[in-house]
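Engineer: Sending over a structure as structure tokens; questions will come in a sec.
What follows is calculated from the coordinates using simple rules that are stated; it is not laboratory data. Keep in mind the model is a prediction, meaning the values are calculated, not measured. So basically every Cβ, Gly included, is an ideal-geometry build from the backbone, and we count neighbours across all protein chains shown.
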Amino acid sequence: VQLGDLDEAEKHLAAARELNSGPGVSLLDQAKTAYIAGLLASRRTDDELAMHEFGRVVEMLPRVSAWRFSDRTAVYDELAAVYARKGRYHDAYGTQRRSSEEYRYNVDVLNNVRHFSMQLRTEMNRVQAELRRTAQERLSLQSEQRQLRDEIERGASEAASLKEAATTDKLTGLPNRRYLDEVLPALLRLRQQTATPMAIAFIDLDHFKNVNDHYGHPMGDQVLRGFGEIAMHATRNADVMGRHGGEEFCIAMVGCGPEAAAKRLRALLKVFANRNFISGSQNLVGITFSAGVAVYPEDGVELEHLLATADRRLYEAKRAGRARVHERDFLVEAVANIAK
């Protein structure tokens, strides 16, 4: 946000919200996520959303003890700036005054904590003197702590690996349907908050069953891997591309209207059709795909409706002869062609 790359910041915010959507999320993480959302809204001059998000942070601050004074002050400063921009100078002044009062209160608390810390340090010195008399026990305890830390780190690494494995399609290397089901709703909510378009497309490889039947499953696997490789190179950082199941894939293209999305998919189709696949002594070229596109908000605002529209247009593309992209319903496209 500070560097001005708001699209990249929004992508990370969506990832943070996904991580913070489960049970047991700390109040500190919730407050930080809301603060970042407020910054993004403020930078995009969405003042109502900014005031809402900063207001949420302010409500949480009394219960968040781990947030530094400077960060707390920054929350009030950002909220006061939004108030001032909206001409609500009385609220801006009140916000700054509340920041000052909270700062003075926290300084008093900090002084009390320091006093207690000095008392605690004295007691710790006494305990440490006793521990020095039992050096062997202390060394044993340190060894156990190192082992426990190593176990925790291994557990965290294994958990991260398991999560990646659970959300990645092993054959293509693309995210799997589980990942798509988790990310697409959050991605659409972010588009709704920022009022930016997003295209969702279903892609289905044409005659893929014939590839498996006539060339064998190893060749079919090569085709799927090849499409995954091409798709990963063709997608942008903000896009989400995954294997929906079998020979069907799904892609969400942020910031794309119907024409832009169809243009990108047709370029992907051209590259894929020219790809030569090799399995053993067999070569295969000319594999194509069909695609259907639905765009938020032109085709709807609910994810289920957008997915259903994209799926319907995919099958319209199949019925129309395959190797094509449909970004509009068949009848609408036919009328448009007649008008031309």
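Engineer: Would you list which lysines come within 19 Å of residue 170, measuring only between C-alpha atoms, while excluding same-chain residues fewer than 8 positions from it?
Structural biologist: The reachable lysines, counting only those whose Cα sits under 19 Å from residue 170, number zero.
Engineer: Okay, next question. On the Cα set of the range 180-243, report Rg and Dmax in Å, please.
Structural biologist: Values for the range 180-243 (Cα only, Rg and Dmax): 15.6, 49 Å.
Engineer: While we're on this one: Could you run the Karplus curve 6.51 cos²θ - 1.76 cosθ + 1.60 with θ = phi - 60° over the range 190-204 and give me ³J(HN,Hα) per residue in whole Hz, x for Gly and Pro?
Structural biologist: 5, 5, 5, 6, 9, 6, 10, x, 8, 9, 10, 10, 9, 10, 10
Engineer: Would you be so kind as to identify which of 202, 228, 190 lies farthest towards the positive end of the dipole of the range 180-240, taking Lys and Arg as +1 and Asp and Glu as -1 on Cβ and the Cα centre as origin?
Structural biologist: Result: 190, furthest along the dipole toward the positive end.
Engineer: Hey, another quick one. Determine by what factor the alpha-carbon radius of gyration of the range 9-106 differs from 2.2 N^0.38 Å, reporting the quotient.
Structural biologist: Numbers: Rg = 13.5 Å, N = 98, 2.2 N^0.38 = 12.6 Å.
For the range 9-106, the normalised Cα radius of gyration is 1.07.
Engineer: Also, quick follow-up: Would you mind working out the magnitude of the charge dipole of the range 174-282 relative to its Cα centre, with +1 at each Lys and Arg C-beta and -1 at each Asp and Glu C-beta, to the nearest 20 Debye? It would help to have the intermediate numbers written out before the result.
Structural biologist: Details: 13 positive and 11 negative charges, 71 e Å.
Value, rounded to 20: 340 debye.
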